[in-house]
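Just passing along the structure, written as structure tokens.
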Amino acid sequence: MKVSYHYPVLLWDSVEGLLTNPEGIYVDATFGGGGHAEAILAHLSPYGSLYAIDKDPEAPFHRIQDQRCRTIRGDFRDIEALLARQGVTAVHGILADLGISSHQVDTGDRGFSYRKEALLDLRMDPTTGEPAYRWLQRQTPTRLAAILRTYGDLPKSRRLAEVILQRWHTGFTTKALAECAYLVYGRAADRYLSPLFQAIRIAINDELGALDALLNAADNLIMPGGRLVVLTYHSGEARLLKAHLRRPHQIHPITGQQAFLWRLLRKVSPSPAEVQSNPRSRSATLWIAEKL
Ligand SMILES: C[S@@+](CC[C@H](N)C(=O)[O-])C[C@H]1O[C@@H](n2cnc3c(N)ncnc32)[C@H](O)[C@@H]1O
């Protein structure tokens, strides 16, 4: 498999954390370039199966030719319905490698990168929803500032929101957005460009809403003893996941004792060597949880 589409992050830890039964049924909810999917298949027996999902119409599903793998173009927020259509109602494990693929960042006309001039689109599935350049027209400074602060941890978020909204009518492109950061932060802007693009991307794709739906579906789909394996890339995702895993499933009406659905087995960060060879892994955290 060609890996230039996307270098999979924490590949072996993810696959080892996910697989409990080589004959099991697994889901890769974020196929991307198929790096994790391929490694999962390499460790399944001829009787195991993998359902691979991605919402991006450019996801290269054709790269995997394996009878044990079914590919599904769709949003993982609908995972229960997507699997039910395949006759699947219970699985041994789900992997979700959140965020965007290197291909999405590197493809200039998708508007994900401040390095390439393009209309500021930022949709993972450009066939539905609203591109960022249109969405921005509907924002108020207060709302946009809250998004920049919450999803990007950006300082001076109110000022930045005002500058963006004053300038959007000049044609909203990736470079125009980057210029707003330079106007607000001066030479320090370089370090805020990624979080700025990330914040708007998270908002327009409703990424935390999709993650919440996936986590609720995982409660129903994953069999006891099965695994939920998630790679998060920013604090909002990590907070949502942690809160979900810690949420009591039941509280005994008399004793008040709490019963939990999930046990966090381990949390893994990329090694310095992985970060050096794949800088996009630097903000990753791998969470491996077991269904009780
Ligand atoms: C970090 S990449 C996955 C890379 C993959 N693990 C690999 O090894 O190549 C994330 C992928 O998830 C997809 N994605 C993000 N949110 C999604 C959602 N709500 N539903 C389906 N796919 C989603 C993106 O389109 C992107 O291709």
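Hey, residue 67 hits all of (1) open to solvent by 10 Å² or more (accessible area, probe 1.4 Å); (2) within 18 Å of the chain's Cα centre (by Cα) but one; which does it fall short on?
(2)
Checking residue 142 against (1) free of Cβ contacts under 8 Å to residues at least 40 places away in the same chain; (2) in a helix (DSSP H, G or I); (3) open to solvent by 30 Å² or more (accessible area, probe 1.4 Å); (4) assigned by TED's automatic domain parsing to the domain that holds residue 286, only one condition comes out false. Which one?
For residue 142, the exception is condition (4).
Taking only region 267-290 into account, find how many residues are touching a residue at least 12 places away in the same chain (Cβ under 8 Å) and open to solvent by less than 90 Å² (accessible area, probe 1.4 Å).
14
Are any residues in region 211-228 within 11 Å of the ligand (Cβ to nearest atom) and either in a strand (DSSP E or B) or surrounded by 21 or more Cβ atoms within 10 Å (Cβ to Cβ) (or both), and if so, which ones?
211, 214
While we're here: How many residues are at pLDDT 95 or above, part of a strand (DSSP E or B) and aliphatic (A, V, I, L, M) if we restrict to region 229-272?
Selection size over region 229-272: 6.
Can you tell which of 59, 52, 81 is crowded, with 16+ Cβ neighbours inside 10 Å, within 13 Å of the ligand (Cβ to nearest atom) and at pLDDT 95 or above? Let's see the steps before the verdict.
Working: 59 fails: at pLDDT 95 or above; 81 fails: crowded, with 16+ Cβ neighbours inside 10 Å.
Being crowded, with 16+ Cβ neighbours inside 10 Å, within 13 Å of the ligand (Cβ to nearest atom) and at pLDDT 95 or above holds for just one of 59, 52, 81, which is 52.
Let me ask you something else. Are there any pairs with C-beta distances below 6 angstrom linking a residue in region 178-207 that is within 30 Å of residue 240 (Cα to Cα) and in contact (Cβ under 8 Å) with a residue 24 or more places away in the chain to a residue that is of a type in the set (Ser, Thr, Tyr) and within 16 Å of the ligand (Cβ to nearest atom), with the two at least 6 apart or on different chains, and if so which?
Taking only residues 6 or more apart or on different chains, the pairs are 199/151; 202/151.
I'm trying to understand the selection: among the residues of region 130-139, which are loosely packed, with under 15 Cβ neighbours inside 10 Å and in a loop (DSSP other than H, G, I, E, B)?
Listed by number, the list holds a single entry, 130.
Next question. Of the residues 142, 150, 173, which is over 24 Å from the mean Cα position of the chain (by Cα) and more than 16 Å from the ligand (Cβ to nearest atom)?
142
Could you tell me which numbered condition residue 112 fails, if it satisfies all but one of (1) open to solvent by less than 30 Å² (accessible area, probe 1.4 Å); (2) under 23 Å from residue 174 (Cα atoms); (3) in contact with a Pro (Cβ under 9 Å, 6 or more places away or on another chain)?
Status for residue 112: all satisfied but (3).
How many of the residues in region 18-40 are within 13 Å of the ligand (Cβ to nearest atom), touching a strand residue (DSSP E or B) at 6+ places or on another chain (Cβ under 6 Å) and of a type in the set (A, V, I, L, M, F, W, C)?
Of the residues in that region, 6 qualify.
The values are calculated or read from the model by the stated rules, or taken from the named source; none is laboratory data. If you're wondering where the values come from, they're calculated on a predicted model, not measured in any experiment. Every residue, glycine as well, gets a Cβ built from its backbone with ideal geometry; the counts of neighbours run over all protein chains shown. Heads up: the accessible areas ignore ligands, DNA and RNA and are worked out on the full protein's heavy atoms, side chains in. Shrake-Rupley method; radii C 1.70, N 1.55, O 1.52, S 1.80 Å.
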